[in-house]
1. Of everything in region 146-162, what is crowded, with 20+ Cβ neighbours inside 10 Å and either out of contact with any His (no Cβ under 7 Å at 6 or more places or on another chain) or assigned to a loop (DSSP other than H, G, I, E, B) (or both)? Give them in sequence order.
2. Which one of 269, 292, 273 is touching an Asp or Glu at 6+ places or on another chain (Cβ under 8 Å) and buried (at least 18 other Cβ atoms within 10 Å of the Cβ)?
3. When you check residue 223 against the structure, is it more than 26 Å from residue 71 (Cβ to Cβ), at pLDDT 95 or above, in contact with a strand residue (DSSP E or B) (Cβ under 6 Å, 6 or more places away or on another chain) and not polar (S, T, N, Q), yes or no?
4. Run down 124, 173, 145, 197 and say which single residue is among the hydrophobic types (A, V, I, L, M, F, W, C) and under 25 Å from residue 254 (Cα atoms).
5. May I ask you to list the residues in region 298-325 that are within 15 Å of the chain's Cα centre (by Cα) and either in contact (Cβ under 8 Å) with a residue 40 or more places away in the chain or over 17 Å from residue 225 (Cα atoms) (or both)?
6. Would you be able to say whether some residue in region 224-247 is in a helix (DSSP H, G or I), more than 30 Å from residue 175 (Cβ to Cβ) and without any contact (Cβ under 8 Å) to a residue 24 or more places away in the chain?
7. Do we have residue 304 as touching a Leu at 6+ places or on another chain (Cβ under 7 Å), part of a loop (DSSP other than H, G, I, E, B) and closer than 26 Å to residue 104 by Cβ here?
8. Consider region 176-215. How many of its residues are in contact with a helix residue (DSSP H, G or I) (Cβ under 7 Å, 6 or more places away or on another chain), surrounded by 20 or more Cβ atoms within 10 Å (Cβ to Cβ), assigned to a helix (DSSP H, G or I) and modelled with pLDDT of 95 or more?
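The values are calculated or read from the model by the stated rules, or taken from the named source; none is laboratory data. These figures come from a predicted structure and were not determined experimentally. Backbone-built Cβ (ideal geometry, glycine too); neighbour counts: all protein chains shown.
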Amino acid sequence: MDLRRGCLFVLTAAIATTLTISTPAAQAEPWPQRAVRLIVPFSAGTDAPARVFAEQLAKRWKQPVVIENRAGADGVIGVAAFTSMRDDHTLLFYAAAPITTFPVIHAKLPYDPARDLVPISSAVDVGIVIAAPESLKLDSLAELVRLAHAQPGKLNYYPSNGGSFLILLPGFVRSAGLDMVQVSYREASLGLQDLVVGRVHLAMTSLTNALPLVRSGKLRLLAVTNRRRAPLVPEVPTVIEAGYPQLAFDGLQGFFGPRDIPLERRARIAADIRAVAADSAVVDPLAAIGQIARGSTPDEFAAAIADQRADLTALAKLIGMKPTQ
């Protein structure tokens, strides 16, 4: 009896092992099998990275990758649309803000950041800059800090209309002990217009937006928030180099999948994104607008997002920011 039981145990184990080895291969169906829909919460014209990646991924997957712009409410509308679809051929391309920032800013969200958005791979590191009007003749963040200390309450700053900037720049002002007035605008373009003419003294924006104004001599860049210098403006130091690490922030944008995306598919999509991110057809057009193509593994992307969320949560606490409805 013991011998038969032993043989049965060995046979059962062998069958189980065979099934374990063969099942994933049997279940690993080709993907994609049809067109892939890419939800992008940016408006058309501000979604260059998504379009560059979509074009190259379509070639690699031999299926169309169709961009669907769902802008509005600082991206919440697009994210909510994506999480409600639950379609295995729909992905999200956006910044990390739905996981890092929105839970800090909004008391209630139409999705669960921990459950409904699965990081697949980073795609691009958007250059983010701290800029001042040419009229102030500032050459560094240190000079701005000295000027603000010398004129308490007389300088103002514009942290952009939403997202992480609403936490980062006020956090810098508070941590540096500056008495500056925060201003807001209905549209981001209006804030940049006032920065150019000197009605705004400090602003945070993307390198893509600032670069034409810098080249025309209307703005000066004091630092980049990214952890690496921007290749288009290599002379501009990082905020870490400038001595203000609390401002360090990479403009992470990438791909997210739905909550039930299989691990194997997630890994395969990430590998394809990494391959595309190394292609000059993606690298060159993004570099021309101050953005760096940068793919990653799912774990690397998730870890970077977790680090940003911790940093932003701490800064929000420092400035006393409370989530709003």
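1. Passing the criteria: 148, 155, 158, 159, 160.
2. Of the residues listed, the single one that is touching an Asp or Glu at 6+ places or on another chain (Cβ under 8 Å) and buried (at least 18 other Cβ atoms within 10 Å of the Cβ) is 292.
3. Details: more than 26 Å from residue 71 (Cβ to Cβ): yes; at pLDDT 95 or above: yes; in contact with a strand residue (DSSP E or B) (Cβ under 6 Å, 6 or more places away or on another chain): yes; not polar (S, T, N, Q): yes.
Yes.
4. Of the residues listed, the single one that is among the hydrophobic types (A, V, I, L, M, F, W, C) and under 25 Å from residue 254 (Cα atoms) is 124.
5. Hits for region 298-325 are 298, 300, 301, 302, 303, 304, 305, 306, 308, 309, 311, 312.
6. No, that holds for no residue.
7. Values: touching a Leu at 6+ places or on another chain (Cβ under 7 Å): yes; part of a loop (DSSP other than H, G, I, E, B): no; closer than 26 Å to residue 104 by Cβ: yes.
The answer is no for residue 304.
8. Total meeting the criteria: 1.
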